[in-house]
Structures are given as structure tokens and as C-alpha cells.
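Below: one structure, written as C-alpha cells.
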2 protein chains.
Amino acid sequence: MRTADLPEVRQLSLFSDMDEANFAELMQGSFLQRFPPQVDLIHEGDPADFLYIVIEGGVELFGTWNGRETTLEFVYPVATFILAAVLRDAEYLMSARTLEKSRLLMVPAELIRSMMDRDPAFARSIVHELSCRYRAVVKSLKDNKLRSSIERLANFLLRESRHQDRHDGLLLQVDKKTLAQRLGMTPENLSRAFGTLQEYGVTVDGRDITFSDIKALTILAKPVAHIDDPDC
Amino acid sequence: MRTADLPEVRQLSLFSDMDEANFAELMQGSFLQRFPPQVDLIHEGDPADFLYIVIEGGVELFGTWNGRETTLEFVYPVATFILAAVLRDAEYLMSARTLEKSRLLMVPAELIRSMMDRDPAFARSIVHELSCRYRAVVKSLKDNKLRSSIERLANFLLRESRHQDRHDGLLLQVDKKTLAQRLGMTPENLSRAFGTLQEYGVTVDGRDITFSDIKALTILAKPVAHIDDPDC
DNA sequence: CGTCACTTTGATGCTGATCAAAAATGGTGG
DNA sequence: CCACCATTTTTGATCAGCATCAAAGTGACG
């Protein structure tokens, strides 16, 4: 990969603590690559050849079964995906495709594993990242099992609004079809759910969502730290 | 904890590779404790004081929101739970209670974290265990989002049957009420689902389930490695 | 043998899926 | 810039899955 990109990557919390020489060796074998939107990156069942890190853009992780497909997670900068498969040298459990034009750092799995044994600071960072990913999936499972689709949507809007440093709305990062899949509902139902949220002061204009009564929306959504907090 | 229990614990894959002296130090601060059934062990939101390891018995992990409760996972020997919270020094995301009479090893969280920094082999084992837990939750999420309740039940029966080294049925480890919660359905619905499975050769006698046509059941369940395989 | 919790069965209603089609949107080439 | 096309989104009608409510049946245990 290009030397010009190195300082940027070095600052990622995953790499910032490790030994300089080890970092150089890790990057020697890695690729920082650009992808167009909607490119299939990996497929469930593939052997875990690379650890992926989203530097720019966005990635959708999804799973399939019996002809059905569901979105498991959106990954935005800066975060890893399929770390667990890499660490276990196992097959991917999820498939991944780019949501938009993206820059991804690809680190060979074998290199990650050997470096973990040699660089304790790197091992610590990996553990930190992996536990973060773990807790994100647990939150997602709770969101799905404990909430109705409207409640999931309302909480998603509040989370995303906060993530965008706003209190009065948000701009959807994905199309409504994909959002529906992420929220575990059909596009038709998502559309109707947005309709219902009008009663709670939510107006929709394409991808632009505005809240006029965040209090009412919050009362409906009932966000809690153990499902909705962005930090791990 | 008692010295008599040490050899047994030492053989757990989590501890088998670590340095002898370090293991002794870890155990010095730990407790191997017996609990009756239905004891609340931890509650979501509590600070992560201990890592728990199920040595004997069984534990239910569950989450709550807005007055609702759902079972996230059953944990049987030998496995850890709430490892991620311990590693991040964070609050538990899940609550836990014993399902039956159980023996649990409780290791102080701070001790786990400091030992990870000192013993590389132990750090490796922790990473191995954590990625295993991670993949289990991902599988659970896929199970929930991609399958109907009958499909989840059918697959649960097949998995559990295999786990019990049988091909013709199984003995439920929990009551049907708890199983229903684990499968994301109501007890009423679980009862009716068992009724439907009669058409696929499943007979139910209390906790004793028998398959007379495992082929038909498998065609209905369509188990796949990336959701149903027990290994990580 | 009575009590209590679990389980089953039945009736009914809500949530969300499916099917169908119209409307809106966005990208493309003339 | 506009017309055209493909895709996304919305709307409407209907249906299936699952929850809820109610009540009866079953079994474990003091």
C-alpha cells in the first residue's frame, strides 16, 4: 500500500499502540483499496483471508438462509468487520458488500494472527475492538427480540440523529429498501411506519428526516443505554 | 477456592495453556461457588466485577426492555459468560440467572485484565473464547431474523438432539416456558408449534421429544453450518 | 389430596408480510 | 434541458403468523 496513507492508518486505535516496526511489517502485506458501490466483498462460507477495516464509505454485512436475506449491520469508518473469523481462522458467518464508494484496508488474516502473538499492545487493541463488536451484536439481538418494528425505527432515527450531531433530524445514509432490511421489516412496512411516526412529529422528505417533537418521539422509542448507546 | 477443585479448572481450555504460577494467582482470588436454581446472578447495568464460568449446571442470559424480557442464550459447561463486559470494564448488557443447581467459577474482572497483560498464552485463550462467543451471537441473530418460529424450533430440536449424541430425539434441558422465550415465541405458540411438528414425526411426552422421521424434520428445518454448527 | 405452576386448547385480534399497482425519483442519452 | 426508462417508494387490499386473553387440563410437590 502507498506510503502516503500510512500516517492515517497508524492513528486508528487498532494500530496506534503497537510497535513501529511491527506496524510497518503489518502494512507491508496489506492493501488499501477503493471499491465502487454495491460490490460484493466477501461471502458467507469463504475462508477468512483478510481482516477488513472501513476507512471511508460504508459496508453492509448481511446473512442469507433458504433464499432469504437480512442485513445484520452497517459498518462505517472507522471499524473492522469479520474480526472473529480472522482470529479463529474460520469461515465467514456473514457476507459483505459496499453501500457506497469506499476505501477499505485489507490485512492478511495470517499476518494479524502472528502479529498478535508478537505484539502485546496490538493484542490488547484487538481484544478491545472484538469486545466492542461483540457488544454491538448483543445490542442488535436485544433490539430485534424486544421491540416492535416501529419501536426499532424510532430508536434507529434517534440514534442516527445523535450520531450526526443533530437533535432535530437526520439524513439517511442508505436507501429505504436497505434500511428496511436492516430494521427487519419490508419496504412497504417501513413506509407505513414512517407514516405512523408523523403523529409523533416526524416528517420525511426523501432521505431527509426532520423531528418537530423529539419529546413525543423519545417517549415512543424509550431508548436505553444497554441497547442504544453507541459506545461499547 | 478449594485446592481439590483446581485440577478440574486447570483443564479448561481457557486456562490450560497459561503459566502455572499465573494460574495459581488467578485462582487465589477466585471463587468456585454452588448456586440453587433460579438465582439471579447479575443484572444488566451492573458493573462487571467478575468473569463467570459455568462448570456444572446451566445459566440463562436474558435482556429486558420496557417491561418485556427475552432469553438471549443458554450457557452450559464449560463456557464463560459476560466476557466482553469484563474485558472492557463496562456494564453488563445482559442479566443472568441459574436454570438449575449450578457450580460457577467467579474470577475477579480486574485479575483477568491484568493477567491478560502478563500472560500471552492466557491472552490468546481469551481471544479464542471471545471470538467463539461473538460468532454464537451472530448465529443467534441470523436464526432470529431469517427464520419463522417453527423453523427455529425445528432447528433447535435437531441441534440439541445432536448435542445429546442422539439421532432419534432429545430431552429438553429447560421447561417449555423458558424454551419459548429462548426461541422468541410465547408458550402458547410453542405448544402449537409442537403440534404442527407432529406432521413431521415429532412426538412430545413432557420433556421427552422423539423423532420418527428425522428426514422430514430436516427438510423442514434446513439446518446450515453458518447458523447451526455448534463449533465456532 | 389440594394447591400452584406449567401446559394445552380455543377464540379473537394485532402486527407485519405479501401481492398488486400507482406514484415518485433518479439516472441516461438524445 | 427534456423525455424516457429503471428503480425506489408509496398506497391499497388481503392474508399469514403470532400474540393475547381466557379457561381447562396436567403434573409436581408439600
If I take every Cα pair under 8 Å that is 6 or more residues apart in region B:147-228, average their sequence separation and divide by the length, what percent do I get for the relative contact order?
35
Scan around residue A:99 for amide H atoms under 5 Å from its own, H built in the peptide plane at 1.01 Å from N, and keep only partners 5 or more places away or cross-chain.
A:38, A:58, A:59, A:60
Please report, to one decimal in angstroms, the Kirkwood hydrodynamic radius of region B:60-122 built from all distinct Cα-Cα pairs.
13.5
Looking only at A:215, A:139, A:177, which one moves most when chain A is put into a Gaussian network model with springs between Cα atoms under 10 Å?
A:215
Would you kindly state how much longer the chain becomes between residue A:5 and residue A:188 on full extension, computed as 0.36 nm times their sequence separation minus their alpha carbon distance, in nm to one decimal?
61.6 nm
Whose amide H sits under 5 Å from the amide H of residue B:169, counting only residues 5 or more places off or on another chain, with H placed in the peptide plane?
B:211
Among B:134, B:92, B:52, the residue with the largest mean-square fluctuation in a Gaussian network model of chain B built from Cα contacts under 10 Å is B:134
Averaging sequence separations of C-alpha pairs under 8 Å and six or more residues apart, then dividing by the length of region A:21-90, give the relative contact order as a whole percent.
30
In a solvent-free Debye calculation with one equal scatterer on each Cα, what is log10 I(q)/I(0) for region A:147-228 at q = 0.14, 0.23, 0.24 Å⁻¹, listed in the order of the q values?
-0.39, -1.18, -1.30
Can you list the copy-to-copy distances for residue B:31, using a point 7 angstrom from Cα toward Cβ, in nanometres, shortest first?
5.3
Counting pairs of alpha carbon atoms under 8 Å apart in space and at least six apart in sequence, what relative contact order in percent does chain B give?
19
Return the sequence-ordered ³J(HN,Hα) values of region A:118-130 in whole Hz as given by the Karplus equation 6.51 cos²θ - 1.76 cosθ + 1.60 applied to θ = phi - 60°, using x for Gly and Pro.
9, 10, x, 5, 5, 4, 4, 4, 4, 4, 4, 5, 5
Taking the C-alpha atoms of chain B, convex hull volume expressed per residue in Å³
128
List the residues whose amide H sits under 5 Å from the amide H of residue A:202, counting only those 5 or more places along or on another chain, with H placed 1.01 Å from N in the peptide plane.
A:212
No solvent, one uniform scatterer per C-alpha: report log10 I(q)/I(0) for the protein assembly as shown via the Debye equation at q = 0.05, 0.06 1/Å, two decimals.
-0.19, -0.28
Shortest-first nm distances, residue B:121 label point to equivalent points in other copies (7 Å, Cα→Cβ)
2.6
What is the magnitude of the charge dipole of region A:147-228 about its Cα centre, with +1 placed on the Cβ of each Lys and Arg, -1 on the Cβ of each Asp and Glu, and no other charges, expressed in debye to the nearest 20?
260
HN-Hα couplings for region B:146-160 via Karplus (6.51, -1.76, 1.60; θ = phi - 60°), in whole Hz with x for Gly/Pro, come out as 9, 10, 6, 5, 5, 5, 5, 4, 4, 5, 4, 4, 5, 4, 5
Leaving out same-chain residues fewer than 8 places away, which aspartates and glutamates sit with a Cα under 16 Å from that of residue A:176?
A:60, A:69, A:73, A:100, A:160, A:188, A:205, A:208
Multiply the residue separation of residue B:118 and residue B:173 by 0.36 nm, subtract the distance between their alpha-carbon atoms, and state the gained length in nm to one decimal.
15.9 nm
Of A:151, A:20, A:129, which has the largest mean-square fluctuation in a 10 Å C-alpha GNM of chain A?
A:20
Rounded to the nearest Å, the spacing of the alpha-carbon centers of region A:122-189 and region A:48-81 is 13
Filter the trypsin sites (Lys or Arg not before Pro) in region B:1-106 to those in DSSP coil with at most 15 other Cβ atoms within 10 Å of their Cβ, and list the result.
B:2, B:101
Sorting B:226, B:65, A:150 by the position of each Cα along the dipole of the protein assembly as shown (Lys, Arg +1; Asp, Glu -1; all at Cβ), the one nearest the positive end of that ordering is A:150
Taking R0 as 30 Å, what FRET efficiency do you get between residue B:165 and residue B:199 from their Cβ-Cβ distance, rounded to the nearest 0.05?
0.70
Across the identical copies, how the residue A:208 labels are spaced - nm, sorted shortest first, 7 Å along Cα→Cβ
6.9
Phi angles of region A:5-10, converted by Karplus (6.51 cos²θ - 1.76 cosθ + 1.60, θ = phi - 60°) into ³J(HN,Hα) in whole Hz with x for Gly and Pro, give 7, 4, x, 4, 5, 4
Could you work out how much longer the chain between residue A:210 and residue A:76 gets when fully extended? Use 0.36 nm per residue separation minus the Cα distance between them, nm to one decimal.
46.0 nm
Given R₀ = 45 Å, what would the calculated FRET efficiency be for residue B:39 paired with residue A:43, taking r from the Cβ atoms and rounding to 0.05?
0.55
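Only the coordinates and a few stated rules stand behind these numbers; no lab work does. Not measured: the values here are computed from a predicted model. Every residue, glycine as well, gets a Cβ built from its backbone with ideal geometry; the counts of neighbours run over all protein chains shown.
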